[in-house]
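Student: Structure in structure tokens, see below.
The values are calculated or read from the model by the stated rules, or taken from the named source; none is laboratory data. Bear in mind the structure is a predicted one, so any value in this text is a computation, not a measurement. Ideal geometry is used to build each Cβ from the backbone, glycine not excepted, and the neighbour counts take in all protein chains shown. For accessibility, only protein heavy atoms count, side chains too; no ligands or nucleic acids. Shrake-Rupley method; radii C 1.70, N 1.55, O 1.52, S 1.80 Å.
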Amino acid sequence: MMQVQLLKNTKTQGMLTNQSLEEMQQRVDYIPGGLSTEEALKRLNEYGFNEIAREKPLSPWLRLWKNLKNPLVILLSILGLISFLTGDIRSTLVIFMMVILGIVLRYVQEMRADKAAEKTESNGKYTCHCLQRWKRYRSSAENAGAR
């Protein structure tokens, strides 16, 4: 009996790991030879299009707020406040410069990463190879199975 090992991730934690091929096929309603048109349309209505999940972009203010809620930023801010209250101005300035620099760098890097991800998404079309009624065909990922 063939064993299938899949990496665990948060969404499928333990769902398909350490199962035999037959058990996994049963769990995902595997049909030898591919789906019939009727079954493909039924699954399309049930699950929707095969689309890549996209996150809603964060507003600049919300992104800044999330950066301010970072535990390291909070800890350094508390330490900076304690330094200020004890009269150690040099430490206060150094700590708050670290806080400001950390927030700015993280904000800029996240903005750049989001723009790069948007550019990558707009550059390519995703395709997949499908098997339907023992015939192979290539389709856009969004329309897979809707043939």
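Student: Between 64, 44, which is without any contact (Cβ under 8 Å) to a residue 60 or more places away in the chain and either closer than 30 Å to residue 119 by Cα or touching a Lys or Arg at 6+ places or on another chain (Cβ under 9 Å) (or both)?
Tutor: Criteria check complete, one pass: 64.
Student: Mind listing just one residue for me: the one in the range 1-22 that is within 21 Å of residue 47 (Cβ to Cβ) and open to solvent by 90 Å² or more (accessible area, probe 1.4 Å) and, of those, modelled with the lowest pLDDT?
Tutor: My answer is 10.
Student: Being over 27 Å from the mean Cα position of the chain (by Cα) and either modelled with pLDDT under 80 or of a type in the set (D, E, K, R) (or both) narrows it down to one residue among 88, 29; which is it?
Tutor: Only one candidate passes the filter, namely 88.
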